[in-house]
Amino acid sequence: MEGTPAPLQLTRSPRLDNALRFGWDAFSRTLAASGAEEAARWLAARVHDPELADVAEPLLESSISADLEESAEALFTLAELAEETGDDLLADTLWEGVLARARDANNEDLIIEATRRLAALAERLGDPLAAAEFFIAFLNWRRQDGHAADPDDVLDAFNEIVRLAEVDGARKAAAEYEYRQAGFARVLEAEDPRAVEGDWEPGRPAYEAWE
């Protein structure tokens, strides 16, 4: 009908779909090359929601911003939208992006939230070891100089690693992490500042996952 606006054309992008399979680094490069407008149409088509394009475009634009905090916050919103649609691959990739940007920005709150979301997704997909590795990475990040976190987040990470090790049948690893958690608890009880910032186990190797 003359004068009627043309319907929004939502098209799939093979480039973005393919990059999504290779994780955040590959996807972020393809996203930047595609631009927010094309990526928004792709996202709306992927989740079968035409109205999402208008919402997603400014978020996608912010997600590739040089401002780390702005980028992390935009990716956080997009990752939650992906979770709501049930697109596990998209959600996993976007949460990887949140984690990467949050680490670069040294944003502990976003780091632990992305860690929890990624671990929950991995466990739901039947991989408790992969889930535990996210919490192990958080503990190793936290032990580095200049990195601070709420001690409760550290204790929760230990609890999750122990639980996941038990789920995975790795009883020795569960016992080892319980032992090292007890060491952190003693540092916390002593009101040692390393319970909040810095390495509470100086000289000891980084935490590792079981095989």
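Cα axis of helix 88-105 to longest principal axis of the chain: angle in degrees, 0 to 90, nearest 10?
It works out to around 60 degrees.
Rounding to the nearest 10 and keeping the result within 0 to 90°, find how far the Cα-based axis of helix 52-63 lies from the longest principal axis of the chain.
50 degrees
Can you give me the relative contact order of the range 88-174 as a percent, contacts being Cα pairs under 8 Å and 6 or more apart? Display every interim value, and only then the final one.
On the way: 77 pairs, mean separation 19.6, N = 87.
Across the range 88-174, relative contact order equals 23 percent.
Sum up the charges of everything whose Cβ sits under 10 Å from the Cβ of residue 127, counting Lys and Arg as +1 and Asp and Glu as -1, but leave residue 127 out. Could the numbers behind the result be given before it?
Values: positive: 124; negative: 123, 133, 168.
Net local charge, residue 127 excluded: -2.
For the range 13-114, run through the GluC sites (Glu not before Pro) and keep only the ones in DSSP coil with at most 13 other Cβ atoms within 10 Å of their Cβ. Walk me through the intermediate numbers first.
Values: sites: 37, 38, 51, 61, 69, 70, 73, 80, 83, 84, 96, 108, 113; in loops: 51.
Those satisfying the criteria are 51.
Using θ = phi - 60° and the Karplus curve 6.51 cos²θ - 1.76 cosθ + 1.60, what whole-Hz ³J(HN,Hα) does each residue of the range 182-199 get, with Gly and Pro shown as x?
Taking θ as phi minus 60°, the curve returns 4, x, 5, 4, 5, 4, 5, 5, 7, 6, 6, x, 5, 5, 10, 9, x, 7 Hz for the range 182-199.
If you put +1 on each Lys and Arg Cβ and -1 on each Asp and Glu Cβ, how big is the dipole of the range 111-211 around its Cα centre, in Debye rounded to 20?
Values: 12 positive and 22 negative charges, 39 e Å.
Here the size comes out at about 180 debye.
When you count, for each residue, the other Cβ atoms within 10 Å and take the mean per peptide, how do 184-190, 202-208, 171-177 rank with the highest first?
Numbers: 184-190: 14.6, 202-208: 10.7, 171-177: 16.7.
By packing density, highest mean first, the sequence is 171-177, 184-190, 202-208.
Output the relative contact order of the chain, whole-number percent, from Cα pairs under 8 angstrom with separation of 6+ residues.
On the way: 256 pairs, mean separation 27.8, N = 211.
For the chain, the relative contact order is 13 percent.
Read through the labelled values (i) 128; (ii) 250; (iii) 172 and report the label of the one computed as volume of the Cα convex hull per residue in Å³ from the structure.
Computed from the coordinates, volume of the Cα convex hull per residue in Å³ corresponds to (i).
Taking 30 Å as R0, compute the FRET efficiency from the Cβ-Cβ separation of residue 148 and residue 21 and round it to 0.05. List each step's numbers first, then the result.
On the way: r = 35 Å, r/R0 = 1.17.
Rounded to the nearest 0.05, the efficiency is 0.30.
Can you tell me the 0 to 90 degree angle between the C-alpha axis of helix 128-142 and the longest principal axis of the chain, rounded to 10?
The helix 128-142 is inclined about 70 degrees to the chain.
Tell me, what HN-Hα J-couplings in whole Hz come from the Karplus equation 6.51 cos²θ - 1.76 cosθ + 1.60 at θ = phi - 60° for each residue of the range 172-181, using x for Gly and Pro?
Each residue's phi maps through the Karplus curve to give 4, 5, 4, 5, 5, 6, 4, 5, 6, 5 Hz.
Working out 0.36 nm times the residue gap between residue 125 and residue 88, then minus their Cα-Cα distance, what length gain in nm do you get to one decimal? Intermediate values should be presented prior to the final figure.
Numbers: separation 37, 0.36 × 37 = 13.32 nm, distance 0.92 nm.
Contour length minus the Cα-Cα distance gives 12.4 nm.
Express in whole angstrom the spacing between the alpha-carbon centres of the range 184-206 and the range 53-102.
33 Å
Any read-out appearing in this document is the output of simple, stated calculations on the displayed coordinates, not a laboratory observation. Note that this is a predicted model, so its numbers are computed, not measured. Positions of Cβ are backbone-derived with ideal geometry, glycine not excepted, and every protein chain shown enters the neighbour counts.
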